[in-house]
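To start, the structure under review is shown below, and the notes come after it.
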Amino acid sequence: MEVFSLFIDNLTNLDCAILHPQRGSIGMSWKVGIEFIGGANKDGVVFDFSKAKKTAKKIIDETADHAFIVPKELMNTKGEQLGIFNNSFHYYAPPSAFFLVEQATKNCIASTLETLIFDTCKKIQENGYLHQVNLILTEEIDSNYYYHYTHG
């Protein structure tokens, strides 16, 4: 089977806070590009462009965008809220304020989002053969020349 690719540049921006192991909570802002890889359907496309774009953006917006991204292992509960408790700070918020990952790194965040997007797209795909989703996170500004801030 021939393999094709659909790439969407500047899909959205991902603004979030991540829990850095040494620095604590830091803000990040990434431009998001996405690539859908697979076989073509009868119309010669890997995935309908409109559906691909809307689905991926919706998942990013509803999960990681404007969230506090933290490793799952650091989370605990307090009533109906999730939170982080360690020697340096305490932070509790509704579950929707967090995006949980294995590690709060760019690669792990991208991988977690790729899985969510791939699984959702496979469910709605019509007569296509989606094999893989790749997310490309690019810092908006060279991190050597700006500070990391977060809000909320």
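In the range 92-138, which GluC sites (Glu not before Pro) fall in coil by DSSP and have 16 or fewer other Cβ atoms within 10 Å?
Working: sites: E102, E114, E126; in loops: E102, E126.
Qualifying residues, ordered by number: E102, E126.
The gain in end-to-end length when the Q22 to D43 segment is fully stretched comes to 2.5 nm, 0.36 nm per residue minus the alpha carbon separation. Report in % the part of the accessible area of the range 1-124 that belongs to carbon and sulfur, leaving out ligands and nucleic acids; probe 1.4 Å. Looking at the range 1-124 in its full context, I get 51 percent from C and S.
Rg and Dmax of the range 1-61, based on Cα coordinates, read 15.8, 51 Å.
Summarising the label geometry, the points placed 7 Å from Cα in the beta-carbon direction at K122 and K51 lie 1.6 nm from one another. Between D9 and D61, the modelled label-to-label distance comes to 2.3 nm, taking each label 7 Å out from Cα in the direction of the beta carbon.
Annotation: lysines with alpha-carbon distance below 18 angstrom to K106 (same-chain offsets under eight excluded): K31, K57, K72. Excluding same-chain neighbours fewer than eight residues apart, the aspartates and glutamates reachable from K42 by a Cα-Cα span under 15 Å are E2, E126.
The values are calculated or read from the model by the stated rules, or taken from the named source; none is laboratory data. Predicted model, so just to flag it, every value in this text is computed and none were measured. With ideal geometry, Cβ positions are generated from the backbone for all residues, glycine too; neighbour counts draw on all protein chains shown. With ligands, DNA and RNA removed, areas are computed over all heavy atoms of the protein, side chains included. Shrake-Rupley method; radii C 1.70, N 1.55, O 1.52, S 1.80 Å.
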